[in-house]
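Colleague: My questions will all concern the structure given below.
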Amino acid sequence: MAIPSGSGSEVLKMSYVEGLTNSTVILVSTTDHDTVTEIVTILSVIVCEMGDFTDDIFNMYIYGNRTGADASSSPHEIQIVRQPIGAGETFVFSDKIVLWGGDSLRVNAPTTANFDVTCNYIIQDYT
């Protein structure tokens, strides 16, 4: 992977999923890992429990879509497993994460759950 050297842009963006139940892709990096022209940096993921006054759990992970030596067809990089969240509460994940090579950020919840999920991120484009 070469270090990007062209001029480009840096844009702050947000994705939002309302009423998440079960498994949902929150954000996908569309950049091929062999020809990096874009870097996606996740700044925060905010999960709000919007259900019916019951505590719940969720999982958050990066799912790989890679080939060759970096091949992965299972969650990797970061995994938050069975994170408890109280009824009407909010969970904020604010560690920085970088997506590349078709990686996707996913949140998985029981089918009985009802979450609103917001993801704040930066796209740096070096094309």
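The values are calculated or read from the model by the stated rules, or taken from the named source; none is laboratory data. On a predicted model such as this, the values are computed, not experimentally measured, just so you know. Using ideal geometry, Cβ is built from the backbone for each residue, glycine included, and neighbour counts are taken over all protein chains shown.
Colleague: Do we find a residue being at pLDDT 85 or above, within 11 Å of the chain's Cα centre (by Cα) and in a strand (DSSP E or B) anywhere in the range 74-94?
Modeller: yes
Colleague: Something else now. If I filter the range 96-107 for residues that are surrounded by fewer than 17 Cβ atoms within 10 Å (Cβ to Cβ), touching a Phe, Trp or Tyr at 6+ places or on another chain (Cβ under 7 Å), at pLDDT 65 or above and not hydroxyl-bearing (S, T, Y), do I get at least one hit?
Modeller: No: zero hits.
Colleague: Those residues that are assigned to a loop (DSSP other than H, G, I, E, B) and touching a Ser or Thr at 6+ places or on another chain (Cβ under 8 Å), I need them from the range 36-50; list them, please.
Modeller: T37, the sole residue that qualifies.
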